[in-house]
Amino acid sequence: MQPLIDAIESLLSSSLNITALAVLSLFCLLFVVFTGRAKRGRRFPVRAIPAYKSIHQLVSRSLESGQPIHVGMGSGRVGTEAMSEALMGLTVFDYVARHAAAYDQAVLGTTADGTILSAAQGVLQRAREEAGFAERYAGNELRFYGPDPLVYAAGTAGAITRDQHLANILVGRFGHEGLWIGEAAQGQDMVQLGGAAAPGAIALMQATLDECVIGEEVFAAGAYLHRRSHLGSLATQDTMRILAILAIIASVVMASLGYLG
Amino acid sequence: MIVCAACNHRNPSDALVCEACGGSLEHFVYRACPSCGALNPAENVFCHRCFDDLVPGSAETIVEASDIPVESFVPSEPSVTDREEAVREAAAPPVGERPTSDLILEADAEVATTAEVVSEETEPGPLAEPQQLVGEPIERLEAAPSEPEAPMQPSELIPEAEEDVLEGLEGLVPIAAAATQAHAFALPVPPSVSETEQHDAELFHSIASERGPLRDAARVVIPRRARLLSRRGRALLYLLVLLAALTPVFTGDRTSLLLRPRDSVTSLARDIQSLPTGSAVLISFDYGPAYAGEVDPLALAVGRHLAASQVRVVAMSTDPGGVGLAEHLYRTIAGEMPDYRYGESYAILGYLPGPEAGLRTLCTSLGKAFKVDYVQRRTLSELPVMKDLTSVQDFDQVIVFADDSRSVRSWIEQVQSQCNFSLHALVTAAIEPMLLPYQQSGQLSTLIAAAHSAGEYEKASGMEEPSLHWTDAYGAFCLVLLVTAIATNVAYLRTRARQRSHGQ
Amino acid sequence: MKKILPMAAAILCGLFVLTDFFVPHPSIGAVAAVLVEGATILAAFALFLGVVNLLSVHGRRVAREARGRGLGVVLIASLLATLAIGVALPGSAALNWVFDYVYYPLQATMAALLAFFVVSAAYRAFRVRTAQAAIMLVSSLLVIATQLPFGQAISPYLPIARDWILTVPVTAGMRGIVLGTALGTMATALRILLTVDRPYV
Amino acid sequence: MLETPANLLATLPPNTLQIAGTWVAALLTLATLSYVFGGNPAFRLAEHLLVGIAAGYAAALAWNQMLWPRLQLLVAEPATYWYYGVFFVLGLLLLCRGSKSVSVLGNLPLGVLFGTGAALALGGGLTGTFIPQIRASVLSVNPADYGEGSLGWAYVIDPIIVVAGTIAALTAFHFGARTDGRLRALWRGLVRAVGGVGRGLITICFGALFASAALSFFAILNSRLVFLLRDWLKLLYTGRP
């Protein structure tokens, strides 16, 4: 009993903890409600994001023309905070790989981190097995270049320019290597799409890629591609966004009137 | 058998909702072959692997139907109530459980072009009707309102007039069709067809069976910026950059005399100056060799200043290449100052993998994060420099050199938020603006962009080295960017003028 | 079992580490610290998986393809040599030599190429076709001009202008992006913790 | 085994290694820079060398810093450090991903990694970014707080831009696009208008970031040229590093 009381005491000792816990509970609650609704098929229209639409089209075109698509998953590492961005690269790869597998076609995935590599290997192997071509799963469709971002850029740019690829999709944790890959592949006849969460990376990537997803839009990859259950989290984000804005406005008014410190 | 995209559970052919995870099955559906288990795209009726029927009975019907396609292709547009009934007939899911597909649909009225509405929301009019062969498109069916009194948005059901025939085909490229396909296999009774509709259907059939144009259709919709820069233009730009970088060789770097330290640089130099002898500073070299060219000169200037002030320095890195850089840097400093000895005045703990995860351990214990030091491979307690230093709180200042804003953010989020200390971030110019919010909110004590600050720091700390700072080159580079901006817009205006004159 | 075990592991690990953020209790902290340290151990193992991948991809290239065989050999040889020196003689002069004279210059020059790439990207981005491109052009040129090392000598207002741009409009824009990204990160993490998303099974 | 060549190297005349190193570094720098004139064999050699060395170096570092010390601890005091054993087993399971038949064993360590990472991302994002950044954007917009009379009005412009700009930029990411019903359409229009302003601010931000990044890259290019022009040319002319 005593440890529990200690724990509660230490929890209550910091105002940041309490605020954070309250925000987290609200977030969880909204998340569960909205995800449940999304799964039950509740309508939630979302604005169009051109890059994701292009991914749909590119996949179709790749199946037609037989040219593989390259998905660069960047240098995020699972097991750290960068997991969220890395996971979005993995989700896009999952989408591309499943379609490629169902039509028994090639795909190329690159990453600068071993943990993402091992997750992607599982994704690709599952996709190939379920499509009935387990024997086609070969290790060289997923490549590791790294772990340094620029090493990744040099290796990836080399790999995608050596063979004819239809498109170059860069989603995940990227830094300046996004510019490196984008510009190095500029001479090739390749559609280049991508996105990252870090503002410094997108500022450069949107200058070099044909289309770009920005910041929070990266985390919507699943919802816009094939994970419809992710729509619930988009609704949660929207609600939390409105609440955050209201909180800012209310606190600013109070601060201006002299009620806050 | 239909396979759930989310959890890979295999559901019966008529399921609308996954039995395992409850997720909707309407999109991205594959059929598993009952004989060999292979996954097939939803519109397949044979397994692509063993040629077995995927949907018992339906295959024959469909093969026959495609021989006499036209009638069955084109039912007249059923009214809303017709559709609603069709939904019940075809799917008959339990009330309340029925997934409405438009949950997924995007309907940004302004951004969504006709093509988007077509691909995402509704079928492209008569052209798509052959899908009736294998069942009513679920999108269409379920676009019907669940409550009868809710008015139907016309745009959701009846597509706007197509301008380009090919545009409507977008949804028919195999995978898109897979996404919009129904899994209920009740063949609707073909209603009577008008002649125009029949003609449309024939036209569709001829287009759809032709492979080439489809590819072109796909090509049209994928945006691709034109290549603006020719090989020669690119080479010219690159040459300009190279010349800009070499300017100081020709000009003698005159502008470096004008260098004046900024306030942030002066305040850091003052902070370090005021540290008493024997106090300790933790330096994290969170940058790789790639950005060393920019950060190293500043790190060297700060390192020399710390050494001259007789402050104990403990170095570490969350970047695999950073340890080597720290080692190189301190070899240089130790070479300049004979009294500056490893283990007594400074130590390099090594590389801490997994930035966030590893950094959190610093709050509790340095010894836990680093079992042995990098250079002599002794446990930390054996090093004299580590006396009384067990966790990150024991240091007077923490300086982070970084080339990635996220590593500084990790320091703030994982370490500083847990245990309070003053944190100085000396970073590449590229990431400085991204960290400004943290400086504004007081989480960072100092924030300095490295690019050309080394010279400023040397001036501020009074330890000037006679080195070339290449300030002229920066001015030339600024000019190159300006020239680029002018050149691209002149080229743009010329192309536009040419296009206009062609148009006239 | 194949699915349940990894899922249970994910939820359990996540719960301990998350609780540690809010409840600074020593016993929870200890468990969380072990998990967090364990994650770095696993990441180290994953790195070896990456090395195996690199060796197999390029080994196959050497064995089967005529094109680029020599380059594949160079890659494999340099990898194995560095690994051998690094493992057998950590912190040795030989390893330092490889770092100082091969790894460092290669990496740094790869990064230096970005200076060229950024200008050719600017050629595309600075073309004023839309209002956005115009805004981008103006703010880029303003910041770069005000950031010059001798800016203060040209006019004392240049650094002030730079500070204003970076602390007012840029901070506002950046804070918006950072807050949005935090929302996205949190939602993504919740999807894992509540097993809506299971990329590991 | 590797000790012998290391001893051999030590017997060479002083500076030999440094001179050879400077030459190697200069040639590799030139080979990499040659990419400016298009892809060529020298660059491809440099690229492959870099990929190999980077992986080897990182793997060696991971072994020396992460795995070997912990393995020693585990062997020395298994009772205290038993949990390292657990993670070593999990790590070996992760390596199973390399083989097709036992690949499924890798799911368990990945579950641990995803769970831990998710918690770190959630906790860090909330307590490190979300709440502090919201708190930081709470600024008074009362001119009286910034000075007397018109001075206050002049100084209050900045916090107003920051607060309104933050809200606008955050709105720019709004996903919902419901347009059914008049009220919803109105709301959508509002979100769109505010979001448009936010996009403008984000673009300003991108412009500034682009410029600072350009400056950063240019500094790196300068440092390479300094190396070539100072260290290498000096060696070339004087024969001494």
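The values are calculated or read from the model by the stated rules, or taken from the named source; none is laboratory data. Since we're looking at a predicted model, the values are computed, not measured. Don't worry about glycine lacking a Cβ; one is built from the backbone with ideal geometry, like all the others, and counts go over all protein chains shown. Just the protein is used for accessible areas: all its heavy atoms, side chains included, with ligands, DNA and RNA removed. Shrake-Rupley method; radii C 1.70, N 1.55, O 1.52, S 1.80 Å.
Using a probe of 1.4 angstrom and keeping all protein chains present, the accessible surface of chain D works out to 41 square angstrom per residue.
Filter chain A for me: DSSP H helices, axial length by Cα at least 18 angstrom, mean Kyte-Doolittle hydropathy not below -0.5. List them by residue number.
A:15-40, A:50-65, A:83-102, A:114-130, A:149-162, A:231-256
When accessible surface is computed with a 1.4 Å probe, chains D and C are found to bury approximately 9500 Å² between them, both chains counted. Within a straight-line Cα-Cα reach of under 29 Å, D:Lys100 can be paired with the following lysines, leaving aside sequence neighbours fewer than 8 residues apart in one chain: C:Lys2, C:Lys3. Ranking of B:Arg31, A:Arg98 by solvent-accessible surface, largest first: A:Arg98, B:Arg31 (1.4 Å probe, protein heavy atoms only, all chains present).
In chain D, helices alone account for a calculated mean residue ellipticity at 222 nm of -22500 deg cm²/dmol, with every DSSP H run of four or more residues adding -39,500 (n - 2.57).
By definition, a body whose alpha carbon gyration tensor gives a ≥ b ≥ c is oblate when a/c is 1.5 or more and a/b is not larger than b/c, and segment A:46-125 fits this oblate description. Springs join every pair of Cα atoms under 10 Å in this Gaussian network model of chain A, and among A:Leu193, A:Leu117, A:Leu30 the largest mean-square fluctuation is at A:Leu30. The slack in the chain from B:Ser35 to B:Val249, taken as 0.36 nm per residue of separation less the alpha-carbon distance, amounts to 69.5 nm.
Calculate the FRET efficiency for C:Leu80 and B:Ser267 from the Cβ-Cβ distance with a Förster distance of 51 Å, rounded to the nearest 0.05.
The calculated FRET efficiency here is 0.55.
Using a 1.4 Å probe over protein heavy atoms, the accessible area lost on pairing B with A, summed over both chains, comes to approximately 5400 Å².
Note on B:Ser279/D:Asp145: beta-carbon distance plugged into 1/(1 + (r/R0)^6) with R0 of 35 Å gives a FRET efficiency of 0.40.
The relative contact order of chain C comes to 19 percent, based on Cα pairs under 8 Å that sit 6 or more residues apart. Residues of segment B:426-465 with accessible area at least 50 Å² lower in the all-protein-chain context than alone (1.4 Å probe)? Residues meeting the cut-off: B:Ala430, B:Pro433, B:Met434, B:Leu436, B:Pro437, B:Gln440, B:His452.
From helices alone, chain A scores -19500 deg cm²/dmol at 222 nm; the rule is -39500 (n - 2.57) for each run of n ≥ 4 DSSP H residues, then divide by the residue total. Test of understanding: in a Gaussian network model of chain A with alpha carbons linked when under 10 Å, which of A:Ala203, A:Ala221, A:Ala51 would top the mean-square fluctuation ranking? Residue with maximal mean-square fluctuation among A:Ala203, A:Ala221, A:Ala51: A:Ala203.
In segment D:129-148, what residues drop by 50 Å² or more of accessible area when the other protein chains are put back, versus the chain on its own? Use 1.4 Å, and skip ligands and nucleic acids. Going by heavy-atom accessible area, the residues of segment D:129-148 that drop by at least 50 Å² are D:Thr129, D:Phe130, D:Ile131, D:Gln133, D:Ile134, D:Arg135, D:Val138. Normalised by the number of residues in segment A:129-261, the average gap of Cα pairs under 8 Å and 6 or more apart makes the relative contact order 15 percent.
Within the listed set A:Glu130, A:Glu211, A:Glu85, the Gaussian network model of chain A (springs between alpha-carbon atoms below 10 Å) gives the highest mean-square fluctuation for A:Glu130.
Scaled to the compact-protein estimate 2.2 N^0.38 Å, what is the alpha-carbon radius of gyration of segment B:285-367, rounded to two decimal places?
1.10
Between D:Ser101 and D:Arg182, residue separation times 0.36 nm minus the direct Cα-Cα distance comes to 23.3 nm.
Summary value for chain D: 16 percent relative contact order, contacts being C-alpha pairs under 8 angstrom separated by 6+ residues.
Directionally averaged projected area (segment C:1-99, Cα convex hull): 10.8 nm².
Express in nm, to one decimal, how much length is gained between C:Arg69 and C:Ile154 on full extension, taking 0.36 nm for each residue of separation and deducting their alpha carbon distance.
25.0 nm
Using the Cα gyration tensor of chain C, with a ≥ b ≥ c the square roots of its eigenvalues, what is the shape: rounded (a/c below 1.5), prolate (a/b larger than b/c) or oblate (neither)? It comes out oblate by the Cα gyration axes. Remark: segment B:257-411 carries 32 Å² of accessible area per residue (probe radius 1.4 Å; ligands, DNA and RNA excluded).
Look at the Cα gyration tensor of segment A:138-256: its axes a ≥ b ≥ c give a/c of at least 1.5 with a/b over b/c, and that counts as prolate.
Kindly sort A:His99, B:His502 by accessible area of their heavy atoms, largest first, with the probe set to 1.4 Å. Each step should come with its number before you reach the end.
Working: A:His99 5, B:His502 150 Å².
Ranked from most to least accessible, the order is B:His502, A:His99.
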